[in-house]
There are 2 protein chains.
Amino acid sequence: MKNVFEFLHLSRPRHLEDLLAFLRIPSISAQAAYRPDIERAADFLCDELKDLGLTVEKITGEGNPLVYAQTEIDPSRPTILIYGHYDVQPVDPEELWNSPPFEPLVKDGIIYARGASDDKGQLYAHVKAVEAFVRTGTPLPVNVKFLIEGEEEKGGDSVYEYTEKNPAKLACDAVLVSDTSLYNEDTPAITFSLRGMCYTEILVDGPGQDLHSGSFGGTVRNPGNAIAAIVASLHDGNGRVTVPGFYDDVVELDAEGRAEFDRLGYGEAELVRDTGSPASFGEANYSTLERMWVRPTCDVNGLWSGYIGEGGKTIIPSKAGAKVSMRLVPNQDPDKIARAFTDHVNAVAPSGVKVEVKVLHNAKPVLVPRDSAMMQAGLRALETGFGKKALFVGEGGSIPITGTFQACLKVPVIMLGYGLPNDNIHSPNEKFHLDNYYNGIRTSVAFFDEASRLTRK
Amino acid sequence: MKNVFEFLHLSRPRHLEDLLAFLRIPSISAQAAYRPDIERAADFLCDELKDLGLTVEKITGEGNPLVYAQTEIDPSRPTILIYGHYDVQPVDPEELWNSPPFEPLVKDGIIYARGASDDKGQLYAHVKAVEAFVRTGTPLPVNVKFLIEGEEEKGGDSVYEYTEKNPAKLACDAVLVSDTSLYNEDTPAITFSLRGMCYTEILVDGPGQDLHSGSFGGTVRNPGNAIAAIVASLHDGNGRVTVPGFYDDVVELDAEGRAEFDRLGYGEAELVRDTGSPASFGEANYSTLERMWVRPTCDVNGLWSGYIGEGGKTIIPSKAGAKVSMRLVPNQDPDKIARAFTDHVNAVAPSGVKVEVKVLHNAKPVLVPRDSAMMQAGLRALETGFGKKALFVGEGGSIPITGTFQACLKVPVIMLGYGLPNDNIHSPNEKFHLDNYYNGIRTSVAFFDEASRLTRK
């Protein structure tokens, strides 16, 4: 492998130039005007993967194209499926960018461009790892399959449908996803848990129109008071969710996991610094990182009723509403939670108003057991690639496709994140650190090597 | 008195013409552009009252002019102070008016114009009553004082300050206020109780900015959940306000009052019809009219937090707020209630957020004992004027100046309302029924007569 790593080192200027070319394509999936650039980004990947000798398919359907590619399959070697997305977030508010989002700026070892970290830079590191084997004439130690989509940032279905319909074609020993981040600049990490989601909206209907609060106050149920009572009923005084059955399927973190979280040393002080909140608060008897990564939540995302302008207006509002979402953890089932939540709200709904619950969207939580050979190989690869001790970490957010890979392919999904938590993904001035790009390519190479030594299952 | 009533009947066309002239003046107090019209409206009244032989003062200060006028004072006769306001509400949304708001339209016995019912038409009825005595050469049976303001619709202080500073000048045996309404088209009424008000705003501050609900959900107190908990803590399950001490000073309605309310036959069905609410709801063991008129309330007027647009946004909001107002009844003291409310909110305020209570405004509740000779005289005058059985009724809203008259002048404030509940005051197409105008003038004449027969106190 020495020659491959040497090749990587010498190729850095070209690796940068090639990534900048990919970043110049404004492949924004949420805005129809960029549809031609979506095609260009998919073609960019197809062309490069073809040049590397892979068999490539541009899969077109109702949505944006999927790029599928594979090396020649040697059944004696493990197979790694690499997932990523070539589409990017919109750029507004564009006036807050310090340089044009699609004219990448490289400054002090950092690339500034939309998509640099999410997800072009991370995805492309894997392409460059494959390239290094091909260009040095070193046999790839594993079979590699790519499945790259163009609808991640707009929540499209294509990759889900394709995965569900083609489990044999996508068969592999592990899925590699690089769409997360290091724990911090000095600590590479594998994300082993993702929270799921059940996002709801509660609507309360009272009087036919806003009423004068003098004339009618005290005689009808006030929807504003009603929504407050409903939302307040969702927790007890210890921050625990009171929806019956909510915790039934929650997997408790084991002692090892707790100890690992504790070693990260992230507590009250760090949380107050990062959030600007006056203090931490959460479920009793759980640490900050447990609350953040492996405990389920129930949070108001929005709340409204009546008059919210300046000064006073003496009305009984005719309506009120709340957006309430739950972050879920293994093995909570979003559909079951949605039913339990709806039942609870209906049970506590006050008389004298009409209450309706809408479920806006669901995502399954993901837990990847840390003790599999592939996960351990991932950890070693990170340590080789970055030259630093690597950790398993949780993540409070959701990456829904990982749940689908787990369910359909039944292999570990290894989230080797090459970004940083402050890369401004989805914000102006998105960035990606060159060191993380180069070390990411090294990590991918090391992972192929580590994986190849594992016995085929 | 017969000649006076005959004169009224014959003068109807002129009474209408004169009122229309008054209504053509767009004396909107809330909008500075109409300041010259405010002066014109005040002058209109000054000129007419001078013509009738009264001593008139146009009192100018920092605010809009007050019009004060009085007949020659005969100490052997009772004195009646008449209050009203010549300013009117703004007209927007003007496009919803079926005829121009300051070009009065008379159609099917109804005048359509801004200010027709609130309060020019009602106020002017008293002027025309005085006129009838003067023009027929009939000695006025009572001394009459007018105090007419031009800031009622914008909440100005002038009339309050003047009343507080000049109780001797305004000394009287009863105050007559016509700024309310009949109970319904067939039932003239005196309003004997008005609810007061304590209007507050609760502000909750949490994280320094909106946080990603995946990254931080479960680790900080969510201001949206916090405001819901605070608002929910304001009532128990029976619709009773839980603020400690809230009911301490509440005067219970006596059996006679209850019986009188019950006779009005306003219950669940009527409330559902008038409000469009699915059902009635309120404090247990009180009837709808008791809840509406003589029981205190605590209502959300507005509620806000986080994202309230379409679809979902996964944030922990950094702030939340609620406008919460309490309608008060005798003998609740708004200042004392404001303190009790603030103490309660601070006591239940969850940890991990900053909670602040602002008191936006206060108004005292008013109760006028129904058994005084002057109140009984008012009832008889209404029956004479309208030819129908009259009632005492409560009112859920507030008319703050009546509390000041009670406190400073220590006489009954007799609210003889000539409007109708559906006169669209403060809305497009404000109206005033000609019958109520003419019968209102008759009532004023009858009241002067009734009052003159009472022994001076």
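The values are calculated or read from the model by the stated rules, or taken from the named source; none is laboratory data. Worth saying up front: this structure is predicted, and the values here are computed from it rather than measured. Virtual Cβ from ideal backbone geometry, glycine too; neighbours counted across all protein chains shown.
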Can you give me the number of residues within the stretch B:292-317 that are modelled with pLDDT of 95 or more, of a type in the set (S, T, N, Q) and within 30 Å of residue A:292 (Cα to Cα)?
1
Taking the stretch B:405-415 and the residues there that are in contact with a helix residue (DSSP H, G or I) (Cβ under 6 Å, 6 or more places away or on another chain) and buried (at least 22 other Cβ atoms within 10 Å of the Cβ), the one that is farthest from the other protein chains (Cβ to nearest Cβ) would be B:412
Might you check whether a residue that is farther than 22 Å from residue A:204 by Cβ, under 23 Å from the mean Cα position of the chain (by Cα) and not in a loop (DSSP other than H, G, I, E, B) occurs anywhere in the stretch B:314-326?
no
Hey, can you tell me all the residues within the stretch A:289-301 that are closer than 19 Å to residue B:208 by Cβ and either in a loop (DSSP other than H, G, I, E, B) or over 20 Å from the mean Cα position of the chain (by Cα) (or both)?
A:300
In this structure, is residue B:63 assigned to a loop (DSSP other than H, G, I, E, B), at positive phi and assigned by TED's automatic domain parsing to the domain that holds residue B:130?
no
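From the list B:99, B:76, exactly one residue is assigned to a loop (DSSP other than H, G, I, E, B) and closer than 30 Å to residue B:454 by Cα. Which is it?
Values: B:99 fails: closer than 30 Å to residue B:454 by Cα.
Residue meeting the stated conditions: B:76.
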Within the stretch B:292-303, considering residues that are at the interface with chain A (Cβ under 7 Å from one of its Cβ atoms) and touching a Phe, Trp or Tyr at 6+ places or on another chain (Cβ under 9 Å), the one surrounded by the most Cβ atoms within 10 Å (Cβ to Cβ)
B:303
For the condition modelled with pLDDT of 95 or more and among the small types (Gly, Ala, Ser), what is the one hit in A:206, A:217?
A:206
Restricting the stretch A:304-324 to residues that are in contact with a Gly (Cβ under 6 Å, 6 or more places away or on another chain) and more than 19 Å from residue B:275 (Cβ to Cβ), which is surrounded by the fewest Cβ atoms within 10 Å (Cβ to Cβ)?
A:308
Can you find a residue that is within 14 Å of chain A (Cβ to nearest Cβ), modelled with pLDDT of 95 or more and out of contact with any His (no Cβ under 7 Å at 6 or more places or on another chain) anywhere in the stretch B:419-428?
yes
Under 26 Å from residue B:253 (Cα atoms) and away from chain A (no Cβ under 13 Å), is that true of residue B:328?
no
For the subset of the stretch B:248-288 comprising residues that are buried (at least 16 other Cβ atoms within 10 Å of the Cβ) and among the hydrophobic types (A, V, I, L, M, F, W, C), which member is nearest to the other protein chains (Cβ to nearest Cβ)?
B:281
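Condition check: crowded, with 18+ Cβ neighbours inside 10 Å, of a type in the set (Val, Ile, Thr) and either more than 30 Å from residue A:314 (Cα to Cα) or within 14 Å of chain A (Cβ to nearest Cβ) (or both). Does residue B:366 satisfy that?
Yes.
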So which residues in the stretch B:421-451 are part of a helix (DSSP H, G or I) and among the small types (Gly, Ala, Ser), if there are any at all?
B:440, B:444, B:446, B:451
Checking residue A:347 against (1) in a helix (DSSP H, G or I); (2) within 10 Å of another protein chain (Cβ to nearest Cβ), which test does it fail?
(2)
Which ranges mark the strands (runs of 3 or more DSSP E) fully within the stretch B:138-246 that have 1 or more residues being crowded, with 24+ Cβ neighbours inside 10 Å, acidic (Asp, Glu) and not assigned by TED's automatic domain parsing to the domain that holds residue B:344?
B:143-149
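Among the listed residues A:92, A:37, identify the single one that is outside any loop (DSSP other than H, G, I, E, B) and surrounded by fewer than 23 Cβ atoms within 10 Å (Cβ to Cβ).
Residue meeting the stated conditions: A:37.
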With under 30 Å from residue A:288 (Cα atoms), free of Cβ contacts under 8 Å to residues at least 24 places away in the same chain and out of contact with any strand residue (DSSP E or B) (no Cβ under 7 Å at 6 or more places or on another chain) as the only criterion, which of B:232, B:279 stands out?
B:232
Among the numbered criteria (1) under 29 Å from residue B:1 (Cα atoms); (2) within 14 Å of chain A (Cβ to nearest Cβ); (3) not hydrophobic (A, V, I, L, M, F, W, C), which one does residue B:124 miss?
(2)
